[in-house]
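Notes follow once the structure below has been shown.
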Amino acid sequence: MRKFKLLILAFWLSAQLNAQDVHLSLFGGTANYAGDLQSRRFTFDQALFTVGLWGSYEYSNKLMLRAGLHYAQVNAQDKYQSNTLRRLRNLSFASDIWEGHLAAEFHFLGMQDRIFSPYVMGGVAVFHFNPYAYAPVSAGGQKVFLRPLSTEGQGLTGFPDRKPYQLTQVAVPLGAGVRMKLTDRITAGAEISYRITFTDYIDDVSGRYVDQNALLTQRGPLAVQMAFRTPELPDHTTDPYPINNTIRGGSAKDNYYFMGLSISYRLSQGGGSNFSGGGAAGRKYRSKLGCPTNVW
């Protein structure tokens, strides 16, 4: 994470050499996740929020480079799933997500003298998560972070194939959006972006139930209660704990995604127009009046 922050800082300092091509953006919108506790890979159900701060550099008429930070909250509960067996599983989670990303926006129609500039984006991100849930009322109802409980046997003696998952991971952001020029300095935008990750534990659910006695002995009774929550449901209070290796979750990786609006400010007017192209090559695209002449 420290190396990634230094990379963002280096990008930002180098961009200052041509400050007329640098934009500072605020982003806000919805955040959601795709995983074992959601019925669909993309949905507005149980969506929460994200906020972000970006720095963007116009490298050329069609290419904009970007570095950004996001904070988001995601959550999901089995009780809202359409599948009866998953509702019976009765698991839930929530997590804050802190993300830093580097990305490139390709404005396929160009940015020169256009009011609207649609684009696609892609890059690399590093994010930090830490899933938690709330204990049963009978156990105090407190907020409980799930990783230390080894709910699927991660890190328990006798289960060498179940390794603890890392809370800081790499992701690949992909998305599309449009920027709209309001003035020579101010731009509004809309973007939807999907983060492909390489972990199945954003929700702390991935594989199979671990042996109840091993979990009880090494992590305690709260771990058992948080791993198997069916008995909290009416008419299921006496349901037995699943036998070792009973399926608890799926093998597909968890992902998360954002959708929202941005407002951008050009740090220095620099005598040129917004969406005019940057860098040594890009500045030749500038309009003398700094005004858009085309919409498309």
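The values are calculated or read from the model by the stated rules, or taken from the named source; none is laboratory data. What you are looking at is a predicted structure, and each value in this text was computed from that prediction instead of being measured. Counting neighbours? That spans all protein chains shown, and the Cβs are built from the backbone with ideal geometry, glycine included.
Just a few scattered comments:
- Test for Leu13: is it surrounded by fewer than 15 Cβ atoms within 10 Å (Cβ to Cβ), within 25 Å of Phe106 (Cα to Cα) and at pLDDT 95 or above: no
- Selection count, the range 231-258, where residues are of a type in the set (Ser, Thr, Tyr), more than 20 Å from Arg41 (Cβ to Cβ) and out of contact with any helix residue (DSSP H, G or I) (no Cβ under 6 Å at 6 or more places or on another chain): 2
- The range 190-242 - residue that is of a type in the set (Ser, Thr, Tyr) and closer than 30 Å to Ala103 by Cα and, of those, surrounded by the fewest Cβ atoms within 10 Å (Cβ to Cβ): Tyr194
- Positions within the range 66-98 being surrounded by 16 or more Cβ atoms within 10 Å (Cβ to Cβ) and of a type in the set (Gly, Ala, Ser), in sequence order: Ala67, Gly68, Ala72, Ala76, Ser92, Ala94, Ser95
- For the range 25-65, the set of residues classified as among the basic types (Lys, Arg), in contact (Cβ under 8 Å) with a residue 24 or more places away in the chain and surrounded by fewer than 19 Cβ atoms within 10 Å (Cβ to Cβ) consists of Arg41 only.
- Just one of the numbered conditions (1) over 19 Å from the mean Cα position of the chain (by Cα); (2) at pLDDT 95 or above; (3) closer than 29 Å to Val124 by Cα is not true of Met226: (3).
- Any hit, the range 103-112, residues being surrounded by fewer than 20 Cβ atoms within 10 Å (Cβ to Cβ), in contact with a strand residue (DSSP E or B) (Cβ under 6 Å, 6 or more places away or on another chain) and either in contact (Cβ under 8 Å) with a residue 40 or more places away in the chain or outside any strand (DSSP E or B) (or both): yes
- One residue stands out in the range 69-102 among those that are in contact with a Ser or Thr (Cβ under 9 Å, 6 or more places away or on another chain), touching a residue at least 60 places away in the same chain (Cβ under 8 Å) and of a type in the set (Gly, Ala, Ser): the one that is farthest from Ser39 (Cα to Cα), namely Ala72.
- Residue under evaluation Asp45, criteria (1) among the acidic types (Asp, Glu); (2) under 18 Å from the mean Cα position of the chain (by Cα); (3) at pLDDT 95 or above, criterion not met: (3)
- Just one of the numbered conditions (1) modelled with pLDDT of 95 or more; (2) out of contact with any Leu (no Cβ under 9 Å at 6 or more places or on another chain) is not true of His101: (2).
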